[in-house]
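Notes for the one structure printed next.
The values are calculated or read from the model by the stated rules, or taken from the named source; none is laboratory data. Predicted, not measured: the structure shown is a model, and the values here were computed from it. Here the Cβ positions follow ideal geometry from the backbone for every residue, glycine too, while neighbour counts run over all protein chains shown.
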Amino acid sequence: MDIVFEIIQFIVNHFILLLTVVLFTTYVVLGFLSALALRRYLRKNSYVDYNSIILAPLTPAVTVIAPAYNEEKTIVDNIRALLSLYYNNFEVIVVNDGSKDDTFKKIMEAYDLERVNYFFDYRIPCERIRGVYKSKNRSFKRLTVIDKANGGKADALNAGINTSKNPLICCIDVDSIMEPDALLKMVKPFMEQTDRKVIGAGGVIRIANSCDIEGGQIKRIMIPDKFLPRLQVLEYTRAFLMSRMAWGKMNGLLIISGALGMFDKEIVIACGGYSPLTVGEDMELVVRMRRYMSEKNEKYEVVYIPDPLVWTEVPSSLKILGRQRNRWTRGTIESLIKHRVLFFNPKYGILGFLSYPYWMLFEWLAPIIEFIGLVYFILLAIFGQPNWSFFLLLTAFVYTFAISMSTWAVLFEEMTYHKYEKKRDVFKLVLTGILEPIFFHPLTVYWSIRGNIDYLRGVRTWGKMDREGFKNNSKTSKK
């Protein structure tokens, strides 16, 4: 019996070691590819004059679609910021998704709206549109407001797509703050002549907690005062600059953040629009669009732009953050299971052989394997003889690697966009990276496990996301 137990322990220990090496090697490779791609992008873009895009006669028209649910505290300023974007040919469609507060009333009063006769075609399903409104003031001629029955974010985006006039759509969270030149940078890949059709583009999402914001614009960039949002700054920096940059370069990106994404409207419609049946509608749409293009045997590309394009507020309480991560986990599982035909399917190229297996192993299964490994070690400590030297060595290795990756991410930020000008802010981020594996990572594993359990229980709700609001703003709520 002891021999069998030792064999099992030997196999498990080596499996854990192998998985750790594979995981860390993958992260190093992605980080290295991201560094090369980012350097090439910055060198190339140093010669770009974005003003020429404004003047170009063939600049594509863009529709910015912003769903709004219970956003009465900030909706007026948020719309003003959208109308102030630096672009020559765009419209803004704000979709009031059956808000229960005074969101629609605030918009009506601030922008002097009136109901208009407006033709729209339900090319993709959405809840009933009660009315379409335009401003009497010609200064706001770009603005269109849709009032509709509540159907959730995906449904609201579909309503905006049905109403839009332009070939490109830019879908955002209405409470996010776009950089003034974001549309210029996002539309550029759609204008470049290549052998691949660009079907989607996304960029870096930055965290606005504790920043000074006035009139819907970032006036001063500050590192978050609270520890939990600061942890997410580090997490977002790693994810966007050291992972998605590499996947974008390999044309293997599976997700464009719901906070900001630009898409070819006709491809979105051909794929059926956003799915209201999933809580991860942003990832699921991108996967479905990529699958659609592959099955049509058309060359295509999903582009990642490393420039900071939009700022958003992240949860500052464990309760709300836990709900968000639970939802992210369920959305990932839904997308992967729905499109399981991709798994190592040669028909889909890099999508089937690299992207899908990576997301399945590292984004879905890795936390489960880590949790099982922890339970195994606890049981071994209680009933058997754990290999303490192996455990301590592996723990030290994992901890050192995690700190190294976080420090590398901070250096990436400092050598490129340098948004945090104070040296003490950089020091705070490095210190946060030292503490993150101890305080934050165990929570992310726990929330992932809860997300898996809730998925198996059939939980499909979005979950209420209470927000503190940006600096100098009151508390808001988002569905």
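Overview of results
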read-out	value
The one condition in (1) buried (at least 18 other Cβ atoms within 10 Å of the Cβ); (2) among the polar types (S, T, N, Q); (3) closer than 25 Å to ASP212 by Cβ; (4) over 14 Å from the mean Cα position of the chain (by Cα) that THR312 fails to fulfil	(4)
Some residue of the range 54-66 being at pLDDT 90 or above, touching an Asp or Glu at 6+ places or on another chain (Cβ under 9 Å) and not aliphatic (A, V, I, L, M)	yes
Residue within the range 282-296 that is over 20 Å from VAL174 (Cα atoms) and touching a Lys or Arg at 6+ places or on another chain (Cβ under 6 Å) present	no
Any hit, the range 412-423, residues being within 29 Å of LEU18 (Cβ to Cβ) and under 22 Å from the mean Cα position of the chain (by Cα)	yes
In the range 214-231, the residues that are out of contact with any Asp or Glu (no Cβ under 7 Å at 6 or more places or on another chain) and buried (at least 23 other Cβ atoms within 10 Å of the Cβ)	ARG230
Any chance ILE146 is in a strand (DSSP E or B), modelled with pLDDT of 95 or more and surrounded by 21 or more Cβ atoms within 10 Å (Cβ to Cβ)	yes
Residues that are in contact with a Gly (Cβ under 6 Å, 6 or more places away or on another chain) and of a type outside the set (Ser, Thr, Tyr), drawn from the range 371-407	ILE403
Close pairs from the range 405-430: first over 21 Å from SER46 (Cβ atoms), partner of a type in the set (Asp, Glu), Cβ under 7 Å, at least 6 apart	SER406/GLU436; VAL426/GLU414
Residue identified as more than 21 Å from the chain's Cα centre (by Cα), free of Cβ contacts under 8 Å to residues at least 40 places away in the same chain and assigned to a loop (DSSP other than H, G, I, E, B) among ASN88, ASN70	ASN88
Filter result for the condition that a residue is touching a Pro at 6+ places or on another chain (Cβ under 9 Å), surrounded by 14 or more Cβ atoms within 10 Å (Cβ to Cβ) and touching a residue at least 40 places away in the same chain (Cβ under 8 Å), over LEU380, LEU394	LEU380
Condition check for ALA35: closer than 19 Å to VAL204 by Cα, buried (at least 19 other Cβ atoms within 10 Å of the Cβ), out of contact with any Pro (no Cβ under 7 Å at 6 or more places or on another chain) and of a type outside the set (D, E, K, R)	yes
Any chance LEU85 is touching a Ser or Thr at 6+ places or on another chain (Cβ under 8 Å), surrounded by 13 or more Cβ atoms within 10 Å (Cβ to Cβ) and not hydroxyl-bearing (Ser, Thr, Tyr)	no
Residue ranges of helices (runs of 4 or more DSSP H) in the range 240-303 with at least 2 members closer than 26 Å to ALA61 by Cβ	265-270, 281-295
Subset of the range 1-40 (residues that are of a type in the set (Phe, Trp, Tyr) and in contact with a helix residue (DSSP H, G or I) (Cβ under 7 Å, 6 or more places away or on another chain))	PHE24, TYR27
Meets criteria (outside any loop (DSSP other than H, G, I, E, B), at pLDDT 95 or above and surrounded by fewer than 15 Cβ atoms within 10 Å (Cβ to Cβ)) for ILE453	yes
